[in-house]
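A short write-up of the structure that comes next.
Any read-out appearing in this document is the output of simple, stated calculations on the displayed coordinates, not a laboratory observation. Here the structure is a predicted model, which means the values were calculated and not measured. Here the Cβ is made from the backbone with ideal geometry for all residues, glycine too, and neighbour counts use every protein chain on show.
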Amino acid sequence: MSLCQRRRSAKKLVEPKLMLTSMMDMFTIILIFLLVSFSDSPEKINLGKDLELPKSTTDAAYQRAVKIILTKNELKIDGEILAPVRNQQIVGLTPENLESSSLYKQLKEYRSSTQPKEERKNKAPHVLFLCDKSHSFKTINNVIKTCGLAGYPNFQFGVLEEKSRYP
Amino acid sequence: MARFSKNRRSGEEEPELNMIPVMNLFMVLIPFLLSSVSFLHIKAINTSIPVHADGPSISVQEKVSRKITVVLEIKADQVRISTLSDTPNDLQVSEKEWVLPRSNKMGFKVAQVADHLRKLKQSYPDSDTMILIPDDEVTYWEIVQAMDCARADNSISLFPNVVLSGSLG
């Protein structure tokens, strides 16, 4: 092909236009979905790698409360590590020393600071308990008893949402 | 209409909306929302532990209605369902027990427990409380399963007030 012919064919090329309408539609749908799922829970909870929550068919939402997290390796209260867990046993939390444990002291402190607010709002104090599904009742019973002693007899067990077993 | 057809005839191009600023905005918003959104939905099961209370525990009105309290014990080798009642007429019901085999490896059959709880609920529709007593070795996952089948069966509310208690023995 000669140089002249090549120039003529280049002139014929039209600049292609991007079709943005369909992309806009897609982005709008994604944006709405993300905005809806962004605002459905009172606060975000970061689940670590060593915390596997059990699945449940409950549809009750959790409320803002003092968070106790019992992972495979540690016991935390509102993100602060309280005690390590070894061989399915929380170190420093035995049935004999519940009232001298760090968990009891922390809960008591928290209770004294939030009690006037709860009484004003007429709200029952409760604990949001997030526990790894592999823990035995023996392990979690010490935590539950300590909470009860510190003035938190009501619990919300944090679980992962599962669709009903009866479709 | 006449103008539109005139425009078409004269070959004038329709003005196009500039979408690029909107797209830029979307490109900023979507990564931000994607990084902060959680795809695991955490829900809650409400429960409580027994507390010491002073004074009469049951009001006279409550005694009139036929209410029972279901006791679900998860033991190493079996699941036992029994009932407690405060009304003298229902004392015979507290003597009845229902036992289902269980193993630490396999757990228990949730459907069978739910079926029995549904029957109890049909007999005592005013009842709404269950005491759950797991053995020390029962896992948290199994406790949640037991709570699930106590709360509702096929969208029928059974015993939604679950009280978690340790065994006394």
Report, in listed order, any pair from A:LYS67/B:LYS67; A:LYS55/A:LYS76; A:LYS55/B:LYS121 with a Cα-Cα distance greater than 23 Å. A:LYS67/B:LYS67; A:LYS55/B:LYS121
Local electrostatic count, B:LEU100, Cβ distance below 15 Å [Lys/Arg +1, Asp/Glu -1]: +1
Other chains near A:22-35: what is the mean number of their Cβ atoms within 10 Å of each residue's Cβ? 3
Compute the signed sum of charges (Lys and Arg +1, Asp and Glu -1) over the other residues within less than 10 Å, Cβ to Cβ, of B:PRO160. 0
For the range A:55-161, what percent of Cα pairs sit more than 25 Å apart? 18
If R₀ is 51 angstrom, what is the calculated FRET efficiency for the pair B:GLN78 and B:MET27, using the beta carbon separation as r and rounding to 0.05? 0.30
For the modelled label position 7 Å from the Cα of A:ALA60 along Cα-to-Cβ, which residues of the range A:130-165 have backbone nitrogen atoms closer than 11 Å? A:154-158
Going by average Cβ neighbours within 10 Å, how do the peptides A:25-31, B:120-126, B:156-162 rank, with the highest at the top? B:156-162, B:120-126, A:25-31
How crowded by other chains is A:143-151, given as the mean number of beta carbons from other chains within 10 Å of each beta carbon? 2
Rounded to two decimal places and with Rh computed the Kirkwood way over Cα pairs, what is Rg over Rh for the range A:37-116? 1.00
Would you list A:THR114, A:THR21 from fewest to most Cβ contacts within 10 Å? A:THR21, A:THR114
Please compute, for peptide A:127-138, the average count of beta-carbon atoms on other protein chains lying within 10 Å of each residue's beta-carbon. 5
Taking 45 Å as R0, compute the FRET efficiency from the Cβ-Cβ separation of B:VAL110 and A:LEU18 and round it to 0.05. 0.25
For A:MET26, put the label point 7 Å out on the Cα→Cβ axis and report which residues of the range B:23-53 keep their amide N under 17 Å from it. B:23-31, B:34
